[in-house]
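Everything below concerns the one structure shown next.
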Amino acid sequence: MKRGRVFLLAVGYGALLALLFVGIKRFERFAADAWYQMVTRRMAATQAHVPIQRCILGVYKPELPYSFRLLTQLEDTVGQRFTIVSFYQAWGDDPEHAFQPALMDNIIKHGYTPMITWEPWVSGFESDSLPPMPEREWRCMRDIGDGRYDDYLVAWAKAAVAWGRPFFLRFAHEMTNPQYPWSPVNGNTPSDYKNAWWHVWALFKHLGAENVIWVWCPYGTETKKYYPGDKYVDWTAMDVFNYGEILFGENERRWMSFDELASPLYAELESIRKPLMIAEVGCSDIGGSREVWYREMLTQVMTKFTRVKALVFFENPSDRTSGIWNIDWSVGASPEVTAEVRSVLEQNYFVHIPDYERKLAR
């Protein structure tokens, strides 16, 4: 009888401990969610100058920022104005590698805020003081950090300061993507990358470039070792592409949802209390339903990925960066996709902010 009571007491004590453990875990989850809703999410919205329950849209199109005719057509089709216009610029000696105030003015004139993806392709320089190609690309980020490209950087930064209006600068994005020479494929280490970022940031700061909004955009997961630090980054970003059946082997899973692709990196970036941007997003048309993919993507940004304050469509109808495939990422080319996108945008979670660059200047 006594042994039975001891057993019952032990079971009861164990059950009490289990309940307490579950209760503590539930409280921890509640506290973490409350902190996110009341502090972190609000902080990110304040830094982004975007309402807490809203997200702005942006777009990259190959003809931008030279022509806006097709962009206007796309806006009419999806029933929503974009806020950010994204374009890409490589480093180098030629005139197109310099800061382009006329192009930036054209973006502002049409009512958008510019974002430059600034790519350190060091092959674009002819200086005798630099190593010859292809040796020049070996640990090129270390050379940037050591000041070997300062003549170009100073001229570019001075022009950005003279232009004066706020713009997003996505420098050396996707730093672990082997397609880029600033990745580990050329021996670039996390220390090389961070030293280069710090050097460029400090040079801009010294020259008074307060109008630059620094966007750090990793590639894949486990890349926080490349993070330069809160002082040197204004926004974090991620790129999300569903290649469908294009880039996978015959026996591998092909079609992947936005949730599957975005969740791992989003979980890592959440811990950095910065506004978060999806700086490139697209879905191929090989292997599944693009219209469903885009509808789910926008819906999940509204409901699950709520730290995202800006989403930029990669509206390229003829992308050959995969090597052999010509991929159409464009939303506007498909009536089925644009219909699904329009139906989600009608819910008014995604907003256009007029004169957004002026708000960023505050």
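Quick rundown of the values:
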| item | result |
| --- | --- |
| Length added when fully stretched, Met43-Arg320, from 0.36 nm per residue minus Cα-Cα | 95.8 nm |
| Relative contact order (%) - criterion: Cα under 8 Å, at least six apart; region: the stretch 53-360 | 22 |
| The stretch 53-360 - share of DSSP beta bridges that are antiparallel (%, nearest 5) | 5 |
| The chain: angle of helix 150-163 to the longest principal axis, Cα-based, in degrees nearest 10 | 80 |
| Mean residue ellipticity (222 nm) of the chain, computed from DSSP H runs ≥ 4 via -39,500 (n - 2.57), nearest 500 | -12500 deg cm²/dmol |
| Acute angle (nearest 10 degrees) that the helix 290-303 long axis makes with the longest principal axis of the chain, alpha-carbon atoms | 70 |
| Environment charge of Trp216, counting only residues whose C-beta is closer than 9 Å and scoring Lys/Arg +1, Asp/Glu -1 | +1 |
| Rounded FRET efficiency, nearest 0.05, which uses the C-beta distance separating Ala361 from Leu203 and R0 of 22 Å | 0.55 |
| Within the stretch 199-232: backbone nitrogen closer than 17 Å to the Ser127 label point (7 Å, Cα to C-beta) | 199-204 |
| Debye log10 I(q)/I(0) at q = 0.18 Å⁻¹ for the stretch 163-229, Cα point scatterers | -0.69 |
| Semi-axes of the equivalent ellipsoid for the stretch 137-268, Cα gyration tensor, largest first, Å | 31, 17, 13 |
| Residue exposure sequence - Thr338, Thr303, Thr77 - by fewest surrounding Cβ within 10 Å | Thr303, Thr77, Thr338 |
| On Cα atoms only, tilt of 2-35 relative to the major axis of the chain in degrees | 30 |
| DSSP beta bridge pairing in the stretch 232-362, given as percent antiparallel to the nearest 5 | 10 |
| Subset of Lys205/Lys274; Lys109/Lys194; Lys158/Lys194; Lys109/Lys309 violating a 30 Å alpha-carbon distance limit | Lys109/Lys194 |
| Kirkwood-based Rg to Rh ratio, the stretch 55-189, C-alpha trace | 1.02 |
| Potential extension, Ala102-Glu346 segment - 0.36 nm per residue separation minus Cα distance | 84.4 nm |
| For the stretch 53-360, the spread of Cα positions along each principal axis, largest first, Å | 54, 48, 35 |
| Peptides ranked, highest mean first, by Cβ atoms within 10 Å: ranges 270-277, 185-192 | 270-277, 185-192 |
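Laboratory data are not the source of any read-out in this text; all were calculated from the coordinates shown. Being a predicted model, the structure only gives us computed values, none of them experimental. Please note: Cβ atoms are built from the backbone with ideal geometry, for glycine as well, and neighbour counts cover all protein chains shown.
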